[in-house]
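Colleague: Take this structure first; my questions come after.
The values are calculated or read from the model by the stated rules, or taken from the named source; none is laboratory data. Being a predicted model, the structure only gives us computed values, none of them experimental. Cβ placement follows ideal geometry from the backbone for every residue including glycine, while neighbour counts extend to all protein chains displayed.
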């Protein structure tokens, strides 16, 4: 065991060192070589060393360089050194984080990390916190708490009686609601299409002047951080209006919630702490390894009521039993790397990480605009939408940038415009990385638009 772990650490270190010089997206040759791993199931055991060697030889070159400093796709952050190391150590511990009695260390670390998160993000200090896989499950969990409370107020026990015959609930979303929230609604029995959509403005923000009158049981789903533009709904206006009508307010803040951790960006999400539940990711702007999502619910009793279950063999504790806050019972102790990331960064380090990414995004927008490209959004956060001309030309530039390998950015179609979407989310990205990427993107764009 000791030798293979040492071997693994050496291979992992070499891989991380290679990220600065290799293509961000794997080459065709590397992808073709993956076929070597597609073999019939072995009849007999193989040494762990040979298995690891095959994995490293064929799979490492075929990975996408998400952990590197020039990956700007899908709002994906890298892994902080302390978070990655804690993830390795947690893997060696192999803790089941469902019950305190199964892993006191995991339970206590999640409790501490949860308090730190509420503090840094400016949320109510006594809110319930759940550590889940990602924003989809964070939205699911927060909305399950909302469903419990809204139906309980109508005299309906949804956990016992389900949705059959339950009082109807109105769900209000913005017209650019993220697909993860719609998926959560469908899993909860609300239906992804049976929603009231509110028109949005030129940045994808819900229009306050078009917000509908609320009557009856209602859940309002607001957004902090539009996946294309980074813009947030008018939270300070809509949350009090929704509450005045008796509605529950849930905020999908997969990455935008982290603006509240940076003093210079807090105004972008003003009023966000007034909601009833919030969803975000740790594997985006906190830069911990996949997978890591977080849900916060103002009234922890509502979260526990929606998530709780029991059996005679479950040994309960007076300390925090994490399964009461998440859909899963057995799960990995993902709170360990969150604790490590937050301890290693501190409050100022987290604020600097967010602010630095925003400055890099602004520099991307400035450089591309100066080169004659069209920036489609107000670059207030970490998202940049850029058009290189018509839709076909823009698609050609995106494909060529991805193939060239200096950096990687994805494409999108937003409010009728085809665009490259640059998302700066990694602790590892430097000003030099931005300039190197800008040069590559501009050169490629010029070669296509002015052949």
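Colleague: Can you find a residue that is in a helix (DSSP H, G or I), surrounded by fewer than 18 Cβ atoms within 10 Å (Cβ to Cβ) and under 23 Å from the mean Cα position of the chain (by Cα) anywhere in the stretch 323-345? Before the answer, list the steps.
Modeller: Keep residues of the stretch 323-345 that are in a helix (DSSP H, G or I), which gives 323-325, 335-345.
With the extra rule that they be surrounded by fewer than 18 Cβ atoms within 10 Å (Cβ to Cβ), the set shrinks to 343-344.
Restricting the remaining residues to those that are under 23 Å from the mean Cα position of the chain (by Cα) gives 343-344.
The answer is yes, given that some residue of the stretch 323-345 is in a helix (DSSP H, G or I), surrounded by fewer than 18 Cβ atoms within 10 Å (Cβ to Cβ) and under 23 Å from the mean Cα position of the chain (by Cα).
Colleague: Given the stretch 36-144, what helices (runs of 4 or more DSSP H) lie entirely inside it while holding 1 or more residues that are within 30 Å of residue 437 (Cα to Cα), touching a helix residue (DSSP H, G or I) at 6+ places or on another chain (Cβ under 9 Å) and modelled with pLDDT under 95?
Modeller: none
Colleague: Among residues belonging to the stretch 393-423 that are out of contact with any strand residue (DSSP E or B) (no Cβ under 8 Å at 6 or more places or on another chain) and touching a residue at least 24 places away in the same chain (Cβ under 8 Å), point out the one that is farthest from residue 449 (Cα to Cα).
Modeller: So the residue we want is 415.
Colleague: Here's something else I'd like to know. Enumerate the pairs (first residue in the stretch 172-196 and assigned by TED's automatic domain parsing to the domain that holds residue 145; second residue anywhere and surrounded by fewer than 19 Cβ atoms within 10 Å (Cβ to Cβ) and part of a helix (DSSP H, G or I)) with beta-carbon separation below 6 Å, excluding pairs fewer than 6 apart on the same chain, so at least 6 apart or on different chains.
Modeller: From the stretch 172-196, the pairs are 192/186.
Colleague: So, one more: Quick one: which residue in 375, 398, 350, 422 is more than 30 Å from residue 266 (Cβ to Cβ), buried (at least 16 other Cβ atoms within 10 Å of the Cβ) and either over 24 Å from the mean Cα position of the chain (by Cα) or not assigned by TED's automatic domain parsing to the domain that holds residue 262 (or both)? Working first, answer last.
Modeller: Working: 375 fails: more than 30 Å from residue 266 (Cβ to Cβ); 350 fails: more than 30 Å from residue 266 (Cβ to Cβ); 422 fails: more than 30 Å from residue 266 (Cβ to Cβ).
Of 375, 398, 350, 422, the one residue that is more than 30 Å from residue 266 (Cβ to Cβ), buried (at least 16 other Cβ atoms within 10 Å of the Cβ) and either over 24 Å from the mean Cα position of the chain (by Cα) or not assigned by TED's automatic domain parsing to the domain that holds residue 262 (or both) is 398.
Colleague: Further question: Answer yes or no as to whether residue 150 is at pLDDT 95 or above, outside any helix (DSSP H, G or I), under 28 Å from residue 245 (Cβ atoms) and in contact with a strand residue (DSSP E or B) (Cβ under 9 Å, 6 or more places away or on another chain).
Modeller: Values: at pLDDT 95 or above: yes; outside any helix (DSSP H, G or I): no; under 28 Å from residue 245 (Cβ atoms): yes; in contact with a strand residue (DSSP E or B) (Cβ under 9 Å, 6 or more places away or on another chain): yes.
When the stated conditions are applied, residue 150 does not pass them.
Colleague: Any idea which residue in the stretch 429-451 is surrounded by the most Cβ atoms within 10 Å (Cβ to Cβ), counting only those that are within 28 Å of residue 351 (Cα to Cα) and touching a strand residue (DSSP E or B) at 6+ places or on another chain (Cβ under 9 Å)?
Modeller: Ranking the qualifying residues of the stretch 429-451, first place goes to 437.
Colleague: Among the residues of the stretch 224-266, how many are more than 13 Å from the chain's Cα centre (by Cα), without any contact (Cβ under 8 Å) to a residue 60 or more places away in the chain and assigned to a strand (DSSP E or B)?
Modeller: Summing the residues that are more than 13 Å from the chain's Cα centre (by Cα), without any contact (Cβ under 8 Å) to a residue 60 or more places away in the chain and assigned to a strand (DSSP E or B) in the stretch 224-266 gives 3.
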